[in-house]
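Notes follow once the structure below has been shown.
The values are calculated or read from the model by the stated rules, or taken from the named source; none is laboratory data. It should be emphasised that the depicted structure is a prediction, and the values quoted were computed from it without experimental measurement. Cβ placement follows ideal geometry from the backbone for every residue including glycine, while neighbour counts extend to all protein chains displayed. What goes into the accessible areas is simple: the full protein's heavy atoms, side chains included, and nothing from ligands, DNA or RNA. Shrake-Rupley method; radii C 1.70, N 1.55, O 1.52, S 1.80 Å.
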Amino acid sequence: MLHRTTAKILAAALFSWAALAGSIAQAATVSLTANGHYFQGWALSNIKPISDPSYPGGYNCFSGPANLPPNYAIQGTLGPLNYEVTALTPAVPPADNQWQICNWYWGSYIPAGNDTVGAPGSVNYNKGNYDIVADRPFVPGTLMAFQDMDVVESALLTFKDCQGNTVDPASFDTLVLSSDYQSPANGGPMASSQYVPGSPPAWRFMAQGGVPNVAIGVLMKAPNICSIHLVGPTTGRSGGVAFYFASPPATTLTVNTGITGGPAGFSATLPVTPRCTVGGTDITAMLTPQPPQDTTASQSTPGQVVFNNVPIGAQCTVSAQSSTPAPQGLVWGPAPTAGPVTMDADASKNVVTLTQPLVQPAPVPTLDVWALLALAGLMSGAMALRRRTR
């Protein structure tokens, strides 16, 4: 998707830029190896079809047309997460600011045995500014990958958390998917990444070779990212770059509930509320279903709820408090709490049991007791007054 004359003119300049980028501090660069099964169990982004009859064919990059209007939202999913991509600048045909749906493949030259199966739902972009907004945090470590990145093409990314605060991407890792093209025999690395300090700090990807379909991406290691701003190339002409998302395996948290001390046949509702953090940041919003969730339990039959999409390694504290009135003559004992529990990749280890007791209420002092207490108070006061009189 590259105009070759432009590619030849810019190639030398971009290799000079690569040398400068190497002098700027950045996080680790990870390259895939053969049979590494890197993406085993990962979820891939999907694009929801465009149902608007004004855009026949869904604006697929293989069926055209090439340009969606500005402020039109392409909707996608990544597991339980929903996101929208919106162009903030108008398209200028034929190929300057195009953006469109592009259900494409992972990318070329990816080493075999990394479970890159299926076609991720992608968005093809060119010049311009784009907003990507999710309805919940991306799972920490989610990949934003760029496929078919050629010489004049680039991506400048800034990130915000779910509260609208800027996220510094200095610790984010680069993932080079097209690792078979990293050897000197094949011309060296075909794309590069660069941390760009500033206000706001950013992450930049740029092609630096003439071979098309290079795939490279960023691993978003922060736990609370909900929006990404993307700026496409500002010089040259291009057929566009497709980007997609892939999220690492998550795990489940199973919570069993029960009650003790109640009469036979009595059941109660126990709402379960987990609170999960990654690196001290609350990521409870990414759990599915959203807490609190009701369970129904009796002495003979426990209740259960399973929370999905919990990041592996998250610290979760779980509590329950019955919302059912206690039987006559009994009261609820202390609300049970468990944790923090570290979420394991093996979901069978992420099981918590919370049991709330029904107990006899504390005895209320009788009238005689109260009278004795009052008398004792009067006597102590009288004795104090007598001492002061003396």
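See the values below:
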| quantity | calculated |
| --- | --- |
| Protection-proxy order for peptides 285-291, 327-333, each taking the mean of Cβ atoms within 10 Å per residue, highest first | 285-291, 327-333 |
| Residue-by-residue Karplus 3J(HN,Hα) for segment 303-309, coefficients 6.51, -1.76, 1.60, Hz, glycine and proline x | x, 7, 9, 10, 9, 9, 6 |
| With DNA, RNA and ligands ignored, accessible area of Met220 (1.4 Å probe; Å², nearest 10) | 0 |
| Gain on full stretching of the segment that runs from Asn71 to Ala34 - 0.36 nm per residue minus C-alpha separation | 9.2 nm |
| Gain in span if fully extended, Thr317 to Asp161, counting 0.36 nm per residue against the direct Cα distance | 53.9 nm |
| Those residues of segment 159-178 whose amide nitrogen sits under 18 Å from the label point placed on Glu84, 7 Å along Cα→Cβ | 160-164 |
| At R0 = 56 Å, FRET efficiency that the Cβ-Cβ distance of Asn129 and Ala335 yields, to 0.05 | 0.70 |
| Per-residue HN-Hα couplings for segment 156-173 [Karplus 6.51, -1.76, 1.60; θ = phi - 60°; Hz; x = Gly/Pro] | 10, 10, 10, 10, 9, 7, 6, 9, x, 8, 5, 9, 7, x, 4, 8, 6, 8 |
